[in-house]
1. Hey, got the Cα dimensions of the stretch 124-228 along the principal axes, in Å, largest first?
2. Give me D for the stretch 182-248 in µm² s⁻¹, whole number, from Stokes-Einstein with Rh from the Kirkwood sum over alpha-carbon pairs, 20 °C and 1.002 mPa s.
3. For the stretch 93-183, treating each Cα as an identical point scatterer without solvent, what Debye log10 I(q)/I(0) comes out at q = 0.11, 0.18, 0.20 1/Å?
4. Over the alpha-carbon set of the stretch 62-103, divide Rg by the Kirkwood Rh and report the Rg/Rh ratio to two decimals.
5. What list of ³J(HN,Hα) values in whole Hz, one per residue of the stretch 61-67 in order, does the Karplus curve 6.51 cos²θ - 1.76 cosθ + 1.60 (θ = phi - 60°) give from phi, with Gly and Pro shown as x?
6. How much net charge surrounds residue 50 when only other residues with a Cβ under 15 Å from its Cβ are counted (Lys, Arg +1; Asp, Glu -1)?
7. I need the semi-axes of the equivalent ellipsoid of the stretch 109-149: take the C-alpha gyration tensor, multiply each eigenvalue by 5, square-root it, list largest first in whole angstrom.
8. If we count every other residue with Cβ under 11 angstrom of residue 108's Cβ, Lys/Arg +1 and Asp/Glu -1, where does the sum land?
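The values are calculated or read from the model by the stated rules, or taken from the named source; none is laboratory data. This is a predicted model, so every value here is computed, not measured. In this analysis, Cβ positions are derived from the backbone assuming ideal geometry, glycine residues included, and neighbour counts consider all displayed protein chains. Surface areas here come from the heavy atoms of the whole protein model, side chains and all, with no ligands, DNA or RNA. Shrake-Rupley method; radii C 1.70, N 1.55, O 1.52, S 1.80 Å.
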Amino acid sequence: MPAPVVDAAYWKGVEKARRELRALIAEKNCAPIMLRLAWHDAGTYDAQTKTGGPNGSIRNERECAHEANKGLNIALEFCETIKVKCPSITYADLYQLAGVVAVEVTGGPTIDFVPGRKDSLASPAEGRLPDAKKGAQHLRVVFHRMGLSDKDIVTLSGGHTLGRAHPERSGFEGPWTQQPLKFDNSYFVELLKRESSGLLQLPTDKCLVEDPIFRKYVDQYAQDEDTFFIDYAESHKKLSELGFREPSSVASTSKEKTHDVPVSTSTILAQSSVGIAVTVAVVILSYLYEVRRR
């Protein structure tokens, strides 16, 4: 399917969809499953074959029936009510926008959203999403296949601060945090406690503490929610743009901003030097003029 033309009219549809999603999520308390929908549509990406990813294919009955996607028909039905009101937006953009809004309305960071994803009817083979019963090596295989990093693994895992596991969907039951409808850094705080009564810790959660590379990020995010929010917004954006835009686009933007500081400083210093030189020249010329008058 062709990519949409992202003009003023398309942006208008995106903003209307954003408003509708905010209202829907507030009414249904469905932020967790909307975030899960966005992740699962994007998380099938394969950087080598350039297949899968955030292209709306999860709406296909065959893909939605994959074991890892149990229960997501509920989120698809919610999104369909938005699609009826905002027909111009692609399913691919709608599902990713739903994830962005789900994080924001529950107190999480603002995530930059760039529209323009094209829809696809081609579903990848089953087995590309993480298996909660496995550990660190499995997570690396899955996320590195997408082109994401160890840091992204930990940061995105922090999204489990929202929601709970349902036995009919995953075989597990319970929330990861005390406030499963609030996006904060409590997922990492609870991980470091190892076991908390009534809270869930799956093998893919526990390995974040056991693996030394993952652990340093867990420690950092448990202590500093602001840093977690900054990193989460970046990792979420990367995930939501796999196969659509370069994964490094956010990082490169950050680097460009960092480089702006010395460049701007050099410019200011140069301009200051010129200003001083001009001032000195004016003073000297004024002095010579006065001498000649005398």
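1. Extents along the principal axes: 35, 33, 21 Å.
2. On the way: Rh = 13.1 Å.
For these conditions, the coefficient is 163 µm²/s.
3. -0.41, -1.16, -1.36
4. Values: Rg = 10.9 Å, Rh = 11.0 Å.
Result: Rg/Rh = 0.99.
5. 4, 5, 6, 4, 7, 4, 3
6. Working: positive: 117, 118, 128, 145, 245; negative: 46, 241, 246.
After counting each charged neighbour, the total is +2.
7. Values: eigenvalues 118, 61, 18 Å².
Semi-axes (√(5λ), whole Å): 24, 18, 9.
8. On the way: positive: 182; negative: 104, 184, 225.
Taking every other residue near residue 108 into account, the sum is -2.
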